[in-house]
1. Which of the residues that make up segment 82-96 are buried (at least 18 other Cβ atoms within 10 Å of the Cβ) and touching a residue at least 40 places away in the same chain (Cβ under 8 Å)?
2. So the check is Cβ under 8 Å with 6+ separation or different chains; which pairs have a first residue in segment 3-19 that's over 30 Å from Gln107 (Cβ atoms) and surrounded by 11 or more Cβ atoms within 10 Å (Cβ to Cβ) and a second one that's of a type in the set (Asp, Glu) and modelled with pLDDT of 95 or more?
3. For segment 224-242, how many residues meet the condition of being in contact (Cβ under 8 Å) with a residue 40 or more places away in the chain, surrounded by fewer than 19 Cβ atoms within 10 Å (Cβ to Cβ) and either polar (S, T, N, Q) or in contact with a Leu (Cβ under 6 Å, 6 or more places away or on another chain) (or both)?
4. Which residue pairs have Cβ atoms closer than 6 Å, lie 6 or more positions apart in sequence or on different chains, and pair a first residue in segment 199-211 that is under 21 Å from Arg42 (Cα atoms) with a second residue that is assigned to a loop (DSSP other than H, G, I, E, B) and open to solvent by 10 Å² or more (accessible area, probe 1.4 Å)?
5. Given the criterion surrounded by fewer than 20 Cβ atoms within 10 Å (Cβ to Cβ), farther than 29 Å from Asp201 by Cβ and free of Cβ contacts under 8 Å to residues at least 40 places away in the same chain, identify the matching residue among Asp155, Asp132.
6. Can you name every residue in segment 163-188 that is open to solvent by 10 Å² or more (accessible area, probe 1.4 Å) and assigned to a loop (DSSP other than H, G, I, E, B)?
7. So which residues in segment 34-69 are under 22 Å from Lys134 (Cβ atoms) and in contact (Cβ under 8 Å) with a residue 60 or more places away in the chain?
8. Considering only residues that are among the polar types (S, T, N, Q) and at pLDDT 95 or above, look in segment 151-169 and name the one that is nearest to Gly97 (Cα to Cα).
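The values are calculated or read from the model by the stated rules, or taken from the named source; none is laboratory data. This is a predicted model, so every value here is computed, not measured. Cβ placement follows ideal geometry from the backbone for every residue including glycine, while neighbour counts extend to all protein chains displayed. Accessible surface areas use protein heavy atoms only, side chains included; no ligands, DNA or RNA. Shrake-Rupley method; radii C 1.70, N 1.55, O 1.52, S 1.80 Å.
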Amino acid sequence: MKTVYHKADSRGHADHGWLNSYHTFSFANYQNRERSNFGVLRVLNDDTVSQGMGFGTHPHKNMEIISIPLEGNLEHKDSMGTTAVIKKGEIQVMSAGTGVMHSEYNQNKDEAVKFLQIWVFPREENVEPRYDQKSIKDGEKINGFQQILSPNKNDDGVWIHQDAWFNLANFKQGNGKNYTINKKGNGVYAFVLKGSAKVGDRILNERDGLGIWDTQSFNIEATEDTEILLMEVPMELPSYLK
């Protein structure tokens, strides 16, 4: 088993007033050669958007973009004609493919929005752009893994153009479970949303991250009530990036 540990306070940070963002991997003005990606996981941003503010219309291309709200509501508009609001208990995916324009705003006037913005390189270029969002609240599992994303259209959660599986791990203190890799050559990036847990041989606290690869499985044990996002992704970049 190989691992890479990213302590919460080692992340890049940008405070734009209306946006407070922590970057696990290189993004915008935060550039770190040792933290450019984890396999095809390219961006993991921990964003807080102030009341009534947001990201103006901007382009994306050839990227799978996933948003997971942690608090508040986020309004999405795009050039495909989509207008939607996502909130805690939901997940959103946008396959940018050949190109799409979109904007994201905090529609609330009295509270900030907190959400994870995640980018994953797709397995192939120039797919047809698409948008989807789903509620994941009803599928919540205590002391187990809840799949919220996969490569398969008929699986639980949303799907993307990549051999990736995302799970929420929600454990009460003292409980745990073994996670088994879905596809050979994949690794898992574990990101603690709250609480603390022993993941493999490492104790992780809130907003710590741990990448794990070259193993078939690893164990998670909650040292207190905890919620962890597990992002399983291919470790080898697609051929068009080589």
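1. Hits for segment 82-96 are Ile86, Glu90, Ile91, Gln92, Val93, Ser95.
2. Note: pairs meeting the criteria are Tyr5/Asp208; His6/Asp208; Lys7/Asp208.
3. Total meeting the criteria: 1.
4. Asp208/Lys7
5. Values: Asp132 fails: free of Cβ contacts under 8 Å to residues at least 40 places away in the same chain.
Just one listed residue meets the conditions, Asp155.
6. Asp163, Lys172, Gln173, Gly174, Asn175, Ile181, Asn182, Lys183, Lys184, Gly185
7. Val40, Leu41, Val43, Leu44, Asn45, Asp46, Asp47, Val49, Glu64, Ile66, Ile68
8. Within segment 151-169, the match that is nearest to Gly97 (Cα to Cα) is Gln162.
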